Amino acid sequence: MFVKNKMTANPFTISPDQSIPDAHEIMSKNNVRRLPVVKDGKLVGVVSKEDIARSSPSKATSLSINELTYLLAKTKISRVMTKNPILISSNALLEEAAILMRDNNVSFLPVVDDGKLVGIITESDIFDSFIELLGFREKGTRLTIEVNDEPGIMSHLTGIFTIYGANITHVAVYRGTSVGKSVIVTGINSLNTLEIEKAIESHGYKILYKLQNQ
């Protein structure tokens, strides 16, 4: 799946010349935690609630409320934003976005095509995609099956499901659980799986877990 399929298009933005109260108002009004910073149509940075919190005076300050308000109103976003943020293209894979976030310890990425901001992708978008990919919310049965890590296993399992008329909706393979073993998570559109389970185990495969959504 591509970034463009899960990103938030046309995100709320802010100018580097606007103030911290401006950013706080946009974030609060629209229930967002981060804003791309755009000047003359070009992305120049990003600002988050954490950036604003770090730049705000400590609660232990001796400044009055009026002084604090004045100070924050005079603080431009350009002074607190993160410059040169990590970017990603809308045509990149979600896996690429996840790796960039993980490796660089960031929770969102601006999506830029041909120098233009077209959206943002967040950790929550990645989590939602993972849930969708494995069909956690869909009606049916998910069988977690331990198999030998060797050629032909997937074809054999698929044949078993076909015999019983079960339509495979989702598949994921995990390696490294045991030497020479893999775990295959298979989602099917049926809730009546007892005969399928017996057939799978009769061929020497081990069902580790079953999850059913009514």
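Here, each number is a calculation from the coordinates, and none is a lab measurement. What you are looking at is a predicted structure, and each value in this text was computed from that prediction instead of being measured. All Cβ positions, glycine included, derive from the backbone under ideal geometry; neighbour counts span all protein chains shown.
Relative to the longest principal axis of the chain, what angle (0 to 90°, nearest 10) does the C-alpha long axis of helix 65-74 take?
The helix 65-74 is inclined about 80 degrees to the chain.
Given a cut-off of under 8 Å on Cα pairs at least six residues apart, what relative contact order in percent is computed for the chain?
19
For Leu100 and Thr82 in the same chain, what is the full-extension length gain: residue separation times 0.36 nm, less their Cα-Cα distance, in nm? Don't skip to the answer; put the middle values down first.
Details: separation 18, 0.36 × 18 = 6.48 nm, distance 1.63 nm.
The Leu100-Thr82 span can extend by a further 4.9 nm.
For Val171, what residues show an amide H to amide H distance below 5 Å, using hydrogens built from the backbone and excluding near sequence neighbours?
Amide H neighbours of Val171, under 5 Å, 5+ apart: Gly187.
Pairing the Cα long axis of helix 20-30 with the longest principal axis of the chain, what angle in degrees results, from 0 to 90 and rounded to the nearest 10?
40
Rounded to whole Hz and in sequence order, give me ³J(HN,Hα) for segment 35-40 from the Karplus expression 6.51 cos²θ - 1.76 cosθ + 1.60, θ = phi - 60°, writing x for Gly and Pro.
Each residue of segment 35-40 in turn: 9, x, 9, 10, 9, 6 Hz.
From the phi angles alone, apply the Karplus equation (6.51, -1.76, 1.60; θ = phi - 60°) to segment 97-113 and give each ³J(HN,Hα) in whole Hz, x where the residue is Gly or Pro.
For segment 97-113, the Karplus curve yields 5, 5, 5, 4, 4, 5, 5, 10, 6, 10, 9, 7, 9, x, 9, 10, 10 Hz.
Can you list the trypsin sites (Lys or Arg not before Pro) in segment 79-150 that are in a DSSP coil and have 14 or fewer other beta carbons within 10 angstrom? Present the calculation step by step, with values, prior to reporting the outcome.
Details: sites: Arg79, Lys83, Arg102, Lys116, Arg137, Lys139, Arg142; in loops: Arg137, Lys139.
Passing sites in segment 79-150 are Arg137, Lys139.
If the only charges are +1 at each Lys and Arg Cβ and -1 at each Asp and Glu Cβ, what is the size of the charge dipole of segment 80-214 around the Cα centre, to the nearest 20 debye?
280
Taking segment 84-177, which GluC sites (Glu not before Pro) meet the DSSP loop condition and have no more than 16 other C-beta atoms within 10 Å?
Glu138
Given the chain, report the % of alpha carbon pairs whose separation exceeds 27 Å.
Tail fraction, whole percent: 52.
For the chain, what does the helix formula give at 222 nm: sum of -39500 (n - 2.57) over DSSP H segments with n ≥ 4, over the residue count, nearest 500 deg cm²/dmol?
That comes out to -10500 deg cm²/dmol.
Between Asn5 and Tyr209, take the C-beta separation as r, use R0 = 25 Å, and let me know the FRET efficiency to the nearest 0.05.
0.30
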